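Here's the structure, in structure tokens; my notes come after.
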Amino acid sequence: MFIWIIFIILIIILSLIICGKIWKILSDFHHNNYSLCDFFFLTIYFIEQFLFLLLYNLYAKYRELWIGLIVLFVITTASLERFMMNSRQKKSSGTIRDSLEKTKDLLRTIDIQKKQLKLREEENKSLIDFIRKRLQKKH
């Protein structure tokens, strides 16, 4: 039993190291495939529950172990899903923030261009007045 616990801990540590090494790829995949990831978690929850029921009824003398393990697995899976949802929310918030900043920049640019247009119109008007006055003096 002790060897199994060490084996499981080593698998978890190895999994974390692998995830750390390929985190950018996993993150990009998640952000490009939200629906697939949601489906993936639903499938994991189903498999966990199915395995729990199967093991609980097949190996009755280990029922306490199965109950503890299913709680551990479900809480871990829910925590991972929550972590991914937070990541999704942060990315969405960042996109919205960037869009708002670009919109503000565009509105500032439009205001500047409106002011420049008004100045040009005033300059054109004064030039037209000047030309009219000059033409009237010549006649």
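Give the residues of segment 67-95 that are free of Cβ contacts under 8 Å to residues at least 24 places away in the same chain and of a type in the set (D, E, K, R), sorted by residue number.
Within segment 67-95, R82, K90 qualify.
Which of the numbered conditions does N57 fail, given that it passes all the others? Conditions: (1) without any contact (Cβ under 8 Å) to a residue 12 or more places away in the chain; (2) closer than 27 Å to L16 by Cβ; (3) polar (S, T, N, Q).
Of the numbered conditions (1) without any contact (Cβ under 8 Å) to a residue 12 or more places away in the chain; (2) closer than 27 Å to L16 by Cβ; (3) polar (S, T, N, Q), the odd one out for N57 is (2).
Determine whether R97 is more than 30 Å from H30 (Cα to Cα), under 39 Å from the mean Cα position of the chain (by Cα), surrounded by 10 or more Cβ atoms within 10 Å (Cβ to Cβ) and of a type in the set (K, R).
no
Scan segment 97-118 and give yes if some residue there is in a helix (DSSP H, G or I), of a type outside the set (D, E, K, R) and under 30 Å from F41 (Cβ atoms), otherwise no. So that I can check it myself, show each step before the final result.
Within segment 97-118, the first condition is being in a helix (DSSP H, G or I), and the residues that meet it are 97-118.
Narrowing the set further to residues that are of a type outside the set (D, E, K, R) leaves 99-100, 103, 106-107, 109-110, 112-113, 116-117.
Restricting the remaining residues to those that are under 30 Å from F41 (Cβ atoms) gives 99.
Yes - at least one qualifying residue is present in segment 97-118.
Restricting to segment 27-64, name every residue that is surrounded by 13 or more Cβ atoms within 10 Å (Cβ to Cβ) and among the aliphatic types (A, V, I, L, M).
Within segment 27-64, I44, L51, L55 qualify.
Read the figures in this text as sums done on the coordinates, not as results from a lab. This one's a predicted model, so the numbers in the text were calculated from it and none came from an experiment. Using ideal geometry, Cβ is built from the backbone for each residue, glycine included, and neighbour counts are taken over all protein chains shown.
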